[in-house]
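The values are calculated or read from the model by the stated rules, or taken from the named source; none is laboratory data. As the structure is a prediction and not an experimental result, all values here were calculated from the model. Cβ: placed from backbone, ideal geometry, glycine included. Neighbour counts: every protein chain shown. Keep in mind that these areas ignore ligands, DNA and RNA; they rest on the heavy atoms of the full protein, side chains included. Shrake-Rupley method; radii C 1.70, N 1.55, O 1.52, S 1.80 Å.
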Amino acid sequence: MDAKDRLRVVEGRIAAAAERAGRDPATVQLVAVSKTHPAGSVRELSAAGAALFGESRVQEAADKIPGAPGLRWHFIGRLQRNKARKAVQLFELIHSVDSLRLANTLTRLGEERAEAVEVLVEVKIGGETSKGGVRPADLEAFLRQLQGRSGLRVCGLMTIPPPVRSAEDQRPAFRRLATLAQEMRKLELEGVLINELSMGMSSDYEIAVEEGATLVRVGTALFGPRRPWPR
Ligand SMILES: *Cc1c(COP(=O)(O)O)cnc(C)c1O
């Protein structure tokens, strides 16, 4: 299968999953995760129709993006504060805010450029083996601290649940994130919108869409196995 075929397969599965759940497929955006793959592979997938790409390292993205211009980019990795300025320049959405210090840095950058930095808050679902994220019990307090900031807009929630044996086993984690989002929306905090749910990767994106994902982050199913990235 070439890039075009792989994209058609993934888009078709997203649409079918959305329809099974009674959702409009247009409400799900595919984030093509291009980490470790060169700009040429990104151009190939964009020629096949992909418009939105995801990267998890700022420097790798900064090296790659000029070779694949005219596309939209999301940051999906752990963001170090000393790379935040660069990230804000490169990416339209940062999926992985889980500390007040990082949120404060991003808020200052948003104030500086007089345009709110758009972020998702990463939530730790499924216990201590997940690397990052705000614990569900702490989420409301965290969001309350982020409300009313001119430099920051919280657009939704994101999660990376620990791997499980089968995709179906991931359903409770996705459902939990969707339920949390509903609860947080009811708080009606200023500048905290919670419209987006970023969940689902190559192994489980269809389940995530059935449970309400609006952003699925798919790498391997689109690009094949990850490559060693020259550093
Ligand atoms: C690499 C990565 C993905 C994509 O993973 P695949 O299994 O290759 O689809 C999704 N989300 C995050 C946060 C990642 O780092």
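Out of the stretch 172-190, which residues are open to solvent by less than 30 Å² (accessible area, probe 1.4 Å), in contact with a strand residue (DSSP E or B) (Cβ under 9 Å, 6 or more places away or on another chain) and either within 16 Å of the ligand (Cβ to nearest atom) or more than 30 Å from ARG6 (Cα to Cα) (or both)?
Those that are open to solvent by less than 30 Å² (accessible area, probe 1.4 Å), in contact with a strand residue (DSSP E or B) (Cβ under 9 Å, 6 or more places away or on another chain) and either within 16 Å of the ligand (Cβ to nearest atom) or more than 30 Å from ARG6 (Cα to Cα) (or both): PHE174, LEU177, LEU180, ALA181, MET184, LEU189.
Might you check whether a residue that is among the basic types (Lys, Arg), within 16 Å of the ligand (Cβ to nearest atom) and open to solvent by 30 Å² or more (accessible area, probe 1.4 Å) occurs anywhere in the stretch 64-71?
Within the stretch 64-71, none of the residues are among the basic types (Lys, Arg), within 16 Å of the ligand (Cβ to nearest atom) and open to solvent by 30 Å² or more (accessible area, probe 1.4 Å).
Within the stretch 148-167, identify whether any single residue is within 19 Å of VAL28 (Cα to Cα) and over 17 Å from the mean Cα position of the chain (by Cα), and answer yes or no.
yes
Restricting the first residue to the stretch 209-223 and requiring it to be at pLDDT 95 or above, which pairs with a second residue that is open to solvent by 20 Å² or more (accessible area, probe 1.4 Å) and assigned to a strand (DSSP E or B) meet a Cβ separation below 8 Å and a spacing of at least six or different chains?
Note: pairs meeting the criteria are THR214/GLN29; THR214/ASN195; THR214/GLU196; LEU215/GLN29; LEU215/GLU196; VAL216/GLN29; VAL216/LEU30; VAL218/LEU30.
Which number in (1) more than 15 Å from the ligand (Cβ to nearest atom); (2) open to solvent by less than 80 Å² (accessible area, probe 1.4 Å); (3) within 15 Å of ALA17 (Cα to Cα) marks the one condition that GLU168 misses?
(2)
Take the conditions more than 10 Å from the ligand (Cβ to nearest atom), touching a helix residue (DSSP H, G or I) at 6+ places or on another chain (Cβ under 7 Å) and either β-branched (Val, Ile, Thr) or open to solvent by 10 Å² or more (accessible area, probe 1.4 Å) (or both) and apply them to GLU210. Does it pass?
Considered against the rule, which asks whether it is more than 10 Å from the ligand (Cβ to nearest atom), touching a helix residue (DSSP H, G or I) at 6+ places or on another chain (Cβ under 7 Å) and either β-branched (Val, Ile, Thr) or open to solvent by 10 Å² or more (accessible area, probe 1.4 Å) (or both), GLU210 comes out as yes.
Of the numbered conditions (1) surrounded by fewer than 21 Cβ atoms within 10 Å (Cβ to Cβ); (2) touching a residue at least 60 places away in the same chain (Cβ under 8 Å), LEU93 satisfies every one except a single condition; which is it?
LEU93 satisfies every listed condition except (1).
Would you point out the residue of the stretch 1-16, among those that are within 15 Å of ILE207 (Cα to Cα) and not acidic (Asp, Glu), that is surrounded by the fewest Cβ atoms within 10 Å (Cβ to Cβ)?
Looking at the filtered set, the residue picked out is GLY12.
Residues being modelled with pLDDT of 95 or more and open to solvent by less than 50 Å² (accessible area, probe 1.4 Å): count how many of those fall in the stretch 126-137.
Of the residues in the stretch 126-137, 3 are modelled with pLDDT of 95 or more and open to solvent by less than 50 Å² (accessible area, probe 1.4 Å).
Just name the residue that is nearest to GLU210 (Cα to Cα) out of those in the stretch 17-29 that are open to solvent by 30 Å² or more (accessible area, probe 1.4 Å) and in contact (Cβ under 8 Å) with a residue 40 or more places away in the chain.
Once the filter is applied, the top-ranked residue is ALA21.
Take the residues in the stretch 191-206 that are more than 13 Å from the ligand (Cβ to nearest atom), of a type outside the set (S, T, N, Q) and open to solvent by 20 Å² or more (accessible area, probe 1.4 Å), then tell me which one is farthest from the chain's Cα centre (by Cα).
Step by step, filter the stretch 191-206, then rank; the result is GLY191.
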